[in-house]
Structures are given as C-alpha cells and as structure tokens.
Amino acid sequence: MKGKFITFEGCEGAGKSKQIKLLREYLQRNNIKYVLTREPGGAVLSEKIREILLSSDNAEITPVTEALLFAAARAQHVNDVIKPSLEQGVLVLCDRFIDSSLAYQGVANGLGFDYVEQINNRAIDGCYPDATIFLKITPEEAFSRKGGADLNDRIEQSGMDFHKKVYSGYLTASKVYTDRFLPIDCSGTVMETHNKIINALKDKGILP
Ligand code: TYD
C-alpha cells in the first residue's frame, strides 16, 4: 500500500515548526508510522546542497543557480528518501517542498511560476504531495509574532517586500493546486491551528 505524502508550507514565522511537532506527537499517539524530513535537505547529498543554499558566504548566487540547486536537492531527496518511504506505505511529513520553490524562486525572485514549476516537475518525477498544509498568515503578522528576522539566514534577510511576494506566490500555488492545498487560518492559538490541521487531514481522508 502506498503511503501518504504531506508537506508543510508557509512564510517565515508562520509557526511551521510548532505545528509539525504537534502533528508528529499526534501521529505517535495514534501509532501511525511516519518519516519526518525537510527541505532543502533531507538526504545526504541534499543536505550538502542545503549548506551552499543557506550560507551567507554565497551572496553572489544568481536566481537561476539558486532555483536549480533547490530543484537538484529535491530530486535527490525524492529519490533517496520520499519515494522509498511512500513505497513502503509510510506516511511522509516534509517541512517545505515544491511550493516553497514556486513561491520563493518563481514569484518572489521573479523567475516565473511556470519556469520553476517546469524544472521541479522534472525533479519530483510525479511525486506530488497528497496534501499540502499551507499556514495562511501574512508575513507582516508572522514577523510581528516571531519578533524579527533571523540574521544568520541569508534568505530571511531579504526584507518585507520579498516576503509579501512569497505570500502571494503561495496564494497562486493554492489556486493552481486546489486538489492538494489545505489553507489553514492560523490567527488563533497554536492548539486551535493544530486542531484545524487534524480536521483538514481527516476530511481529506489522509488521517483516519
Ligand atoms: P530553514 O532554515 O529550513 O527555514 P524554515 O524554518 O523557514 O523552513 O530555511 C529554508 C529557507 O529556504 C527558507 O527561507 C525558505 C527557503 N526555500 C526556498 O527559497 N526555496 C525552496 O524550494 C525551499 C525548500 C526553501
């Protein structure tokens, strides 16, 4: 039996890590076998590419180089970790996936949604998520909750205009991929958001 593939997406500071932690705990309590992974990274070679992508030493990276490296890391991650786990019937939980590239590289960096979709289609080789949890909170609200950008991360330093474009990229992706996108309003408490996620996954038949 094929496992289900769930991805988590959202702007910086949306509370992704907290929600992933709560979903893990839910899966553990309910004896659902899962693998938790992340992007960029998640496989040996992909983690090496992650270091290049997130290092503040590589400020000269061009938008195309960056998009291709994200896609390259993803191709290896799909091949080495995601597909084998799904084939074994294990549920895969992935912190960011293709929609991060569509929003960050395609829309915010201006490469174009279609171009980034094309290179990623090749990279993921049909391995689209069954459900994409999109933590729907504007960057203004997310940043004020988080208390400012993380200065050690090159991408987080890009400024509010960039993050607004990221958010609009996610909105575009949510309209293109209505079948798998689960936009979650996260204006309430952490536990309210968690319960919305569980209910959305149950409604979609991903969780029993
Ligand atoms: P990370 O430290 O994992 O942050 P987060 O907690 O926000 O997930 O850094 C990942 C950064 O890489 C984040 O700023 C989003 C960016 N990113 C892209 O630009 N494109 C992509 O395809 C992916 C997967 C991530």
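The values are calculated or read from the model by the stated rules, or taken from the named source; none is laboratory data. Given the structure is predicted, the values throughout are model-derived calculations rather than measurements. Positions of Cβ are generated from backbone atoms using ideal geometry, with glycine treated the same way; all protein chains shown enter the neighbour counts. Side chains included, ligands, DNA and RNA excluded: accessible areas come from the protein's heavy atoms. Shrake-Rupley method; radii C 1.70, N 1.55, O 1.52, S 1.80 Å.
Scanning the stretch 80-98 for residues being surrounded by fewer than 24 Cβ atoms within 10 Å (Cβ to Cβ), in a helix (DSSP H, G or I) and either touching a residue at least 40 places away in the same chain (Cβ under 8 Å) or of a type in the set (D, E, K, R) (or both) gives a total of 6. Looking across the stretch 99-148, just one residue is part of a helix (DSSP H, G or I), in contact with a strand residue (DSSP E or B) (Cβ under 7 Å, 6 or more places away or on another chain) and either on the phi > 0 side of the Ramachandran plot or charged (D, E, K, R) (or both), and that is ASP99. Residues of the stretch 26-36 being among the β-branched types (Val, Ile, Thr) and either assigned to a loop (DSSP other than H, G, I, E, B) or within 11 Å of the ligand (Cβ to nearest atom) (or both), which ones? Result: ILE32, single match.
Suppose the filter is assigned to a helix (DSSP H, G or I), open to solvent by 20 Å² or more (accessible area, probe 1.4 Å), in contact with a helix residue (DSSP H, G or I) (Cβ under 8 Å, 6 or more places away or on another chain) and modelled with pLDDT of 95 or more; does ALA72 pass it? Yes; evaluated as a whole, the condition is true for this residue. Can you confirm whether the stretch 38-49 contains a residue that is assigned to a helix (DSSP H, G or I), touching a Pro at 6+ places or on another chain (Cβ under 9 Å) and open to solvent by less than 10 Å² (accessible area, probe 1.4 Å)? Within the stretch 38-49, one or more residues are assigned to a helix (DSSP H, G or I), touching a Pro at 6+ places or on another chain (Cβ under 9 Å) and open to solvent by less than 10 Å² (accessible area, probe 1.4 Å).
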